[in-house]
Amino acid sequence: MNNLKLSQYISEADIQKKVKELGATLSQKFKGKDVVAICVLKGSFVFYSDLVRAINCDISCEFFGVASYHGGTKSSGEVKVTLDLQNPIEDKHVILVEDIVDTGITMNYLKNALISRKPKSLTTVALLEKPDALKVPCEIDHSGFKIPNDFVVGYGLDYQGYYRNLPYIAQVQNFN
Ligand code: 5GP
(Lines give C-alpha, C1' and ligand atoms only; values in the text may rest on other atoms or scores of the structure.)
Protein backbone atom coordinates (compact mmCIF):
# COMPACT_ATOMS: atom_id res chain seq x y z
CA MET A 1 0.00 0.00 0.00
CA ASN A 2 2.83 2.39 0.86
CA ASN A 3 4.32 2.15 -2.63
CA LEU A 4 1.57 4.24 -4.26
CA LYS A 5 3.05 7.36 -5.82
CA LEU A 6 1.53 10.47 -4.27
CA SER A 7 1.91 14.12 -5.13
CA GLN A 8 1.09 16.80 -2.60
CA TYR A 9 -1.98 18.72 -3.63
CA ILE A 10 -2.92 20.96 -0.68
CA SER A 11 -0.22 21.60 1.92
CA GLU A 12 -0.62 21.21 5.66
CA ALA A 13 -0.12 24.99 6.08
CA ASP A 14 -2.84 25.83 3.54
CA ILE A 15 -5.26 23.39 5.17
CA GLN A 16 -4.61 24.80 8.65
CA LYS A 17 -5.07 28.37 7.37
CA LYS A 18 -8.41 27.42 5.80
CA VAL A 19 -9.55 25.61 8.96
CA LYS A 20 -8.83 28.75 11.03
CA GLU A 21 -10.84 30.87 8.54
CA LEU A 22 -13.79 28.46 8.62
CA GLY A 23 -13.56 28.34 12.43
CA ALA A 24 -13.66 32.14 12.67
CA THR A 25 -16.68 32.34 10.34
CA LEU A 26 -18.57 29.69 12.30
CA SER A 27 -17.59 31.26 15.67
CA GLN A 28 -19.15 34.51 14.46
CA LYS A 29 -22.26 32.78 13.09
CA PHE A 30 -22.93 30.83 16.31
CA LYS A 31 -21.76 33.44 18.83
CA GLY A 32 -23.57 32.89 22.15
CA LYS A 33 -25.38 29.79 20.81
CA ASP A 34 -25.21 26.17 21.81
CA VAL A 35 -24.38 23.94 18.82
CA VAL A 36 -24.05 20.27 17.98
CA ALA A 37 -21.19 19.55 15.56
CA ILE A 38 -21.62 16.27 13.68
CA CYS A 39 -18.53 14.44 12.43
CA VAL A 40 -19.22 12.24 9.41
CA LEU A 41 -17.12 9.12 9.88
CA LYS A 42 -14.74 8.05 8.82
CA GLY A 43 -13.32 10.59 6.38
CA SER A 44 -13.96 13.83 8.25
CA PHE A 45 -12.49 12.87 11.64
CA VAL A 46 -9.21 14.77 11.12
CA PHE A 47 -10.81 17.91 9.64
CA TYR A 48 -13.52 17.78 12.30
CA SER A 49 -11.10 17.57 15.22
CA ASP A 50 -9.18 20.62 13.93
CA LEU A 51 -12.36 22.54 13.05
CA VAL A 52 -14.17 22.12 16.40
CA ARG A 53 -11.04 23.41 18.15
CA ALA A 54 -11.14 26.50 15.92
CA ILE A 55 -14.79 27.29 16.78
CA ASN A 56 -15.23 29.45 19.82
CA CYS A 57 -18.71 28.63 21.21
CA ASP A 58 -20.43 25.91 23.27
CA ILE A 59 -20.21 22.74 21.18
CA SER A 60 -21.28 19.20 21.81
CA CYS A 61 -19.85 16.52 19.53
CA GLU A 62 -21.77 13.79 17.73
CA PHE A 63 -20.61 11.13 15.28
CA PHE A 64 -22.49 9.78 12.26
CA GLY A 65 -20.96 6.90 10.33
CA VAL A 66 -21.72 6.41 6.64
CA ALA A 67 -20.01 4.47 3.86
CA SER A 68 -20.40 4.97 0.12
CA TYR A 69 -17.00 4.14 -1.40
CA HIS A 70 -16.56 0.71 0.16
CA GLY A 71 -12.75 0.98 -0.11
CA GLY A 72 -12.35 1.86 -3.81
CA THR A 73 -12.06 5.11 -5.75
CA LYS A 74 -15.62 5.37 -7.10
CA SER A 75 -18.79 6.14 -5.16
CA SER A 76 -21.15 3.17 -5.11
CA GLY A 77 -24.06 5.62 -5.25
CA GLU A 78 -25.51 3.83 -2.26
CA VAL A 79 -25.14 5.27 1.26
CA LYS A 80 -24.98 2.84 4.16
CA VAL A 81 -25.30 4.06 7.76
CA THR A 82 -22.59 2.41 9.87
CA LEU A 83 -23.14 4.41 13.09
CA ASP A 84 -26.15 6.49 14.08
CA LEU A 85 -26.11 9.63 16.25
CA GLN A 86 -26.22 8.93 19.96
CA ASN A 87 -28.44 11.87 20.93
CA PRO A 88 -31.46 13.68 19.47
CA ILE A 89 -30.78 16.91 17.55
CA GLU A 90 -34.35 18.23 17.64
CA ASP A 91 -34.41 22.00 18.24
CA LYS A 92 -30.59 22.25 18.18
CA HIS A 93 -28.30 24.29 15.94
CA VAL A 94 -26.43 21.63 13.97
CA ILE A 95 -23.16 21.92 12.03
CA LEU A 96 -22.62 18.97 9.69
CA VAL A 97 -18.92 18.43 8.95
CA GLU A 98 -17.99 16.46 5.81
CA ASP A 99 -14.57 15.79 4.32
CA ILE A 100 -15.45 16.02 0.63
CA VAL A 101 -18.46 16.41 -1.64
CA ASP A 102 -17.94 14.33 -4.79
CA THR A 103 -21.19 13.18 -6.45
CA GLY A 104 -23.17 14.96 -3.71
CA ILE A 105 -25.16 11.81 -2.97
CA THR A 106 -23.82 11.38 0.58
CA MET A 107 -24.29 15.03 1.54
CA ASN A 108 -27.85 15.01 0.19
CA TYR A 109 -28.60 11.82 2.07
CA LEU A 110 -27.16 13.29 5.29
CA LYS A 111 -29.03 16.57 4.92
CA ASN A 112 -32.36 14.77 4.44
CA ALA A 113 -31.64 12.38 7.31
CA LEU A 114 -30.85 15.27 9.66
CA ILE A 115 -33.68 17.58 8.55
CA SER A 116 -36.16 14.79 9.29
CA ARG A 117 -34.95 14.99 12.93
CA LYS A 118 -36.09 18.65 13.11
CA PRO A 119 -32.98 20.63 14.11
CA LYS A 120 -33.41 24.36 14.82
CA SER A 121 -30.90 25.05 12.03
CA LEU A 122 -28.59 22.99 9.82
CA THR A 123 -25.27 24.37 8.52
CA THR A 124 -23.21 22.24 6.15
CA VAL A 125 -19.41 22.41 5.99
CA ALA A 126 -17.10 20.46 3.67
CA LEU A 127 -13.33 20.81 3.42
CA LEU A 128 -13.29 19.85 -0.29
CA GLU A 129 -15.75 20.02 -3.16
CA LYS A 130 -15.45 18.52 -6.66
CA PRO A 131 -17.96 20.61 -8.65
CA ASP A 132 -17.33 18.63 -11.88
CA ALA A 133 -18.24 15.34 -10.20
CA LEU A 134 -21.68 16.36 -8.92
CA LYS A 135 -24.48 13.99 -9.91
CA VAL A 136 -27.19 15.58 -7.78
CA PRO A 137 -27.58 19.28 -6.93
CA CYS A 138 -25.85 19.91 -3.61
CA GLU A 139 -25.41 23.31 -1.93
CA ILE A 140 -22.78 23.58 0.81
CA ASP A 141 -22.97 26.52 3.22
CA HIS A 142 -19.21 26.67 3.88
CA SER A 143 -16.59 24.90 1.80
CA GLY A 144 -12.80 24.98 2.03
CA PHE A 145 -11.36 24.19 -1.41
CA LYS A 146 -12.87 23.42 -4.81
CA ILE A 147 -10.79 20.75 -6.57
CA PRO A 148 -10.88 18.97 -9.96
CA ASN A 149 -12.45 15.56 -10.37
CA ASP A 150 -9.37 13.59 -9.17
CA PHE A 151 -9.09 11.05 -6.38
CA VAL A 152 -7.31 12.46 -3.34
CA VAL A 153 -6.07 11.01 -0.05
CA GLY A 154 -4.78 12.32 3.28
CA TYR A 155 -6.07 14.50 6.13
CA GLY A 156 -8.69 11.84 6.92
CA LEU A 157 -9.31 10.64 3.36
CA ASP A 158 -8.28 7.07 2.59
CA TYR A 159 -7.44 4.67 -0.17
CA GLN A 160 -8.39 1.15 0.92
CA GLY A 161 -8.22 2.26 4.56
CA TYR A 162 -4.75 3.84 4.36
CA TYR A 163 -3.34 7.38 4.12
CA ARG A 164 -5.84 8.97 6.52
CA ASN A 165 -2.93 10.06 8.75
CA LEU A 166 -1.18 12.21 6.12
CA PRO A 167 -1.20 15.83 7.38
CA TYR A 168 -1.73 17.12 3.81
CA ILE A 169 -3.97 16.25 0.84
CA ALA A 170 -2.36 14.31 -2.00
CA GLN A 171 -3.31 13.01 -5.41
CA VAL A 172 -2.58 9.39 -6.21
CA GLN A 173 -0.34 9.21 -9.31
CA ASN A 174 -0.51 5.46 -9.83
CA PHE A 175 -2.88 2.74 -8.63
CA ASN A 176 -1.29 -0.71 -8.54
P1 5GP B 1 -20.24 11.44 -2.66
O2 5GP B 1 -21.45 10.77 -2.05
O3 5GP B 1 -20.33 12.94 -2.64
O4 5GP B 1 -19.95 10.89 -4.02
O5 5GP B 1 -18.99 10.99 -1.83
C6 5GP B 1 -18.82 11.33 -0.53
C7 5GP B 1 -17.81 10.44 0.14
O8 5GP B 1 -17.00 9.69 -0.77
C9 5GP B 1 -16.87 11.30 0.91
O10 5GP B 1 -17.38 11.56 2.19
C11 5GP B 1 -15.60 10.48 0.93
O12 5GP B 1 -15.61 9.59 2.01
C13 5GP B 1 -15.65 9.71 -0.37
N14 5GP B 1 -14.83 10.39 -1.40
C15 5GP B 1 -15.25 11.19 -2.40
N16 5GP B 1 -14.24 11.64 -3.15
C17 5GP B 1 -13.13 11.11 -2.59
C18 5GP B 1 -11.73 11.23 -2.91
O19 5GP B 1 -11.26 11.90 -3.84
N20 5GP B 1 -10.88 10.54 -2.09
C21 5GP B 1 -11.31 9.79 -1.04
N22 5GP B 1 -10.39 9.17 -0.33
N23 5GP B 1 -12.61 9.66 -0.73
C24 5GP B 1 -13.51 10.33 -1.49
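The values are calculated or read from the model by the stated rules, or taken from the named source; none is laboratory data. Just so it is clear, the structure is predicted and the values come from calculations on it, not from any experiment. As a convention, Cβ positions derive from the backbone with ideal geometry for all residues, glycine included, and neighbour counts pool all protein chains shown.
Data overview
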| quantity | calculated |
| --- | --- |
| Residue count, segment 146-155 (criterion: more than 7 Å from the ligand (Cβ to nearest atom) and either within 16 Å of residue 44 (Cβ to Cβ) or of a type in the set (A, V, I, L, M, F, W, C) (or both)) | 3 |
| Filter pass, residue 118 being basic (Lys, Arg) and assigned to a loop (DSSP other than H, G, I, E, B) | yes |
| Residue in segment 125-138 that is touching a residue at least 12 places away in the same chain (Cβ under 8 Å), away from the ligand (no atom under 11 Å from the Cβ), closer than 20 Å to residue 45 by Cβ and under 13 Å from the mean Cα position of the chain (by Cα) present | yes |
| Leading residue by the ranking (farthest from the chain's Cα centre (by Cα)) among those in segment 154-176 that are part of a loop (DSSP other than H, G, I, E, B) and hydrophobic (A, V, I, L, M, F, W, C) | 175 |
| Single unsatisfied condition, residue 158 versus (1) within 12 Å of the ligand (Cβ to nearest atom); (2) under 19 Å from residue 12 (Cα atoms); (3) crowded, with 18+ Cβ neighbours inside 10 Å; (4) not aromatic (Phe, Trp, Tyr) | (3) |
| Unique residue being touching a residue at least 12 places away in the same chain (Cβ under 8 Å), of a type in the set (S, T, N, Q) and in contact with a strand residue (DSSP E or B) (Cβ under 6 Å, 6 or more places away or on another chain) when the list is 121, 68 | 121 |
| Close pairs (7 angstrom Cβ cut-off, 6 or more residues apart or separate chains): at negative phi in segment 92-104, at pLDDT below 95 and among the polar types (S, T, N, Q) anywhere | 102/75; 103/75 |
| Residue match in segment 32-46 (condition: more than 16 Å from residue 128 (Cα to Cα), within 15 Å of the chain's Cα centre (by Cα), surrounded by 13 or more Cβ atoms within 10 Å (Cβ to Cβ) and modelled with pLDDT under 95) | no |
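Yes or no, residue by residue, for (1) among the hydroxyl-bearing types (Ser, Thr, Tyr); (2) surrounded by fewer than 19 Cβ atoms within 10 Å (Cβ to Cβ); (3) within 26 Å of residue 11 (Cα to Cα):
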site: 115; (1), (2), (3): no, yes, no
site: 128; (1), (2), (3): no, no, yes
site: 135; (1), (2), (3): no, yes, no
site: 148; (1), (2), (3): no, yes, yes
site: 175; (1), (2), (3): no, yes, yes
